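The structure appears right after this line, and notes come after that.
The values are calculated or read from the model by the stated rules, or taken from the named source; none is laboratory data. No experiment lies behind these values; they were computed from the predicted model shown. As a convention, Cβ positions derive from the backbone with ideal geometry for all residues, glycine included, and neighbour counts pool all protein chains shown.
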Amino acid sequence: MLHKAGVASGDIEFVPTKDTVQLLLDGEVSCAQMTTYNEYFEFLERGGRLTDVLCLSARDWDADLIKDGIIARKDWLEADPARAQAAVNSLLEGWTRALDNANDAIELCAKIRPDVDKRFHWMQFNEIRKLIVNGATLSHGLGFPDSRHVLQAAKAVSDLHGREFKDGIDGFVAVNFWRSADPSFRRSRW
């Protein structure tokens, strides 16, 4: 996003962190990658103010977040395909249930995180719903492992770090687990 906005690599200092929110609150970084449905709400809950930040959307810059999606080691997938399938099944079922029953999902979130105001739970749910019910979900179904996302991430890594994927991304996307999941959990409409 920064490159597409015209910021030169030499003008960017990457800071490794385990707590992006605190670094931003303390003023130790001036830009941080946050999800609008998670860290952004933590920022507000921990004392950040709406007027302190300008939120930029990756979509507005024809960019994507590299951390989106489920990533697993290839050797693990090959060694334990049943557990991998169970993980994919449970994730798809969980998101389907949440999208089908928003009130139940919010009640569960409020039970798990009673420290977070219920209106924030609702704002988080609405933000993540916008992200989920979009793109490949609409064209293929919930959780579809879209190779375009991996290509976009590979391009970002190339642009940022100069690392090329010489063999392309063949083998980086496993559609078989998604295809084997219950079709009722791979819907495209809510």
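The set of residues in the range 16-45 being charged (D, E, K, R) and either within 19 Å of Met123 (Cβ to Cβ) or assigned to a helix (DSSP H, G or I) (or both) consists of Glu39, Glu42, Glu45.
Of all residues in the range 103-122, those being aliphatic (A, V, I, L, M), over 18 Å from Thr35 (Cβ atoms) and touching a helix residue (DSSP H, G or I) at 6+ places or on another chain (Cβ under 8 Å) number 1. Criterion first (at pLDDT 85 or above, within 24 Å of Asp19 (Cβ to Cβ) and assigned by TED's automatic domain parsing to the domain that holds Phe165) does Pro114 satisfy it? So Pro114 fits the description; yes.
Total residues in the range 112-169 satisfying the condition of being in a helix (DSSP H, G or I) and charged (D, E, K, R): the figure is 8. Filtering the range 46-57 to residues that are surrounded by fewer than 14 Cβ atoms within 10 Å (Cβ to Cβ), modelled with pLDDT of 85 or more and outside any helix (DSSP H, G or I) leaves Arg46, Gly47, Arg49. Cβ separations smaller than 7 Å between residues 6+ apart or across chains give the following pairs from the range 109-133 residues that are closer than 24 Å to Arg186 by Cα and touching a residue at least 60 places away in the same chain (Cβ under 8 Å) to residues that are surrounded by 15 or more Cβ atoms within 10 Å (Cβ to Cβ) and among the β-branched types (Val, Ile, Thr): Phe125/Ile106; Glu127/Thr36.
Tallying residues that are without any contact (Cβ under 8 Å) to a residue 40 or more places away in the chain and either assigned by TED's automatic domain parsing to the domain that holds Glu13 or in contact with a helix residue (DSSP H, G or I) (Cβ under 9 Å, 6 or more places away or on another chain) (or both) within the range 171-180 yields 4. Candidates in the range 90-125 are the residues that are within 16 Å of Thr137 (Cα to Cα) and not acidic (Asp, Glu); of these, the one that is surrounded by the most Cβ atoms within 10 Å (Cβ to Cβ) is Leu92.
Pairs meeting the criteria (first residue in the range 136-158 and touching a residue at least 24 places away in the same chain (Cβ under 8 Å), second residue of a type in the set (Ser, Thr, Tyr), beta carbons under 6 Å, at least 6 apart or on different chains) are Thr137/Ser188; Leu138/Ser188; Gly141/Ser188.
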